[in-house]
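Bear in mind these aren't lab numbers, they're just calculated from the coordinates by the rules spelled out. Please read all numbers here as calculations on a predicted model, not as lab measurements. Ideal geometry is used to build each Cβ from the backbone, glycine not excepted, and the neighbour counts take in all protein chains shown.
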């Protein structure tokens, strides 16, 4: 058996197409487009790439894109002042502060200064708490993208066993909460767990966000399971050239695909959905702030 490939690019393109249509209709109706503000502190090369991609895709969806850059030595007060201005700016409906921040800035305080209604990353403590208790809230983009892809394979999650490997606040914990809210039986494993292979063999759904290249092996997989690999790891690739690197996930893809029923590749799996979900969260925030109907694009196939 060779697993079906879960193509994140295809899923993300479908989400963006729905958003473009919806944004065009809403902009014509109310004379205003959703606005996404991205704040970048410092000059981290990877963050620069992410910010450019987010701005380009926002514009492609018909949204307004605002970019704010602060130097690496910017103070906490300067960053918080900027966020407070964006909180009250009627043209800005979503705010994202690109992480990681320079070490002298307190990320938790920064995130919790963003208005919960504009927190399109879904990291504000209010949104975290509401997701955890099953209430309507802005959901972190990567777990939301994973759930959207999983819904393509499962009309009903009841009776399914799901294992989440990794318990970060960004992916692992919210992913587990979303699966639990969908009535899965949820197991969480992490670096201190001693029996991960045994737990994995119970799982109909396996979501891996551990940051360990090739962690999950083929003999861990329940035959026919759906495997979502969130890991993005750069490893040396001397076979393609001196000093070259390639991206791999947390799953031994080539071997696991012979056992699983469906699997995401790395790259091209979860990554494209993360930005698509960021834009969809911005559209949802726009609808809520202007009291417009929200069609919950990400809950559809």
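With R₀ fixed at 25 Å, the C-beta to C-beta distance from residue 20 to residue 107 puts the FRET efficiency at about 0.20.
Peptides 30-41, 107-118, 235-246, ordered by how many other C-beta atoms sit within 10 Å of their residues on average, highest first, read 30-41, 107-118, 235-246. Taken over region 141-272, the convex hull of the Cα atoms encloses 108 Å³ per residue. Taken along the Cα-to-beta-carbon direction at a fixed 7 Å, the label points for residue 244 and residue 135 span 5.2 nm.
Quickly work out the residue 288-to-residue 77 label distance, labels modelled 7 Å from Cα along the C-beta direction, and quote it in nm with one decimal. Taking the simple label geometry, residue 77 and residue 288 are separated by 3.2 nm. Given a cut-off of under 8 Å on Cα pairs at least six residues apart, what relative contact order in percent is computed for the chain? Dividing the mean separation by the residue count of the chain yields 22 percent.
For the chain, set up a GNM with springs between Cα atoms under 10 Å and report which of 87, 233, 195 has the largest fluctuation. Ranking 87, 233, 195 by mean-square fluctuation puts 195 first. Largest GNM mean-square fluctuation among 290, 202, 279, using the chain with Cα springs under 10 Å: 290. Size descriptors for the chain: radius of gyration and Dmax over Cα atoms are 19.4, 57 Å.
Entry note, region 32-115: relative contact order of 42 percent, from Cα contacts under 8 Å with a spacing of 6+ residues. Orientation-averaged projection of region 13-128 equals 7.4 nm² [convex hull of Cα atoms, one quarter of hull surface area]. When the Cα centres of region 196-251 and region 38-101 are compared, how far apart do they sit, in Å? Region 196-251 and region 38-101 have Cα centres spaced 31 Å from each other.
Taking the chain as a Gaussian network, Cα atoms linked when under 10 Å apart, which of 150, 101, 178 shows the biggest mean-square fluctuation? With Cα springs under 10 Å in the chain, the top fluctuation among 150, 101, 178 is at 101. The label point for residue 194 and the one for residue 235, both projected 7 Å from the Cα toward the Cβ, are 2.8 nm apart.
Across region 228-301, the fraction of Cα-Cα pairs farther apart than 17 Å, rounded to a whole number, is 61%.
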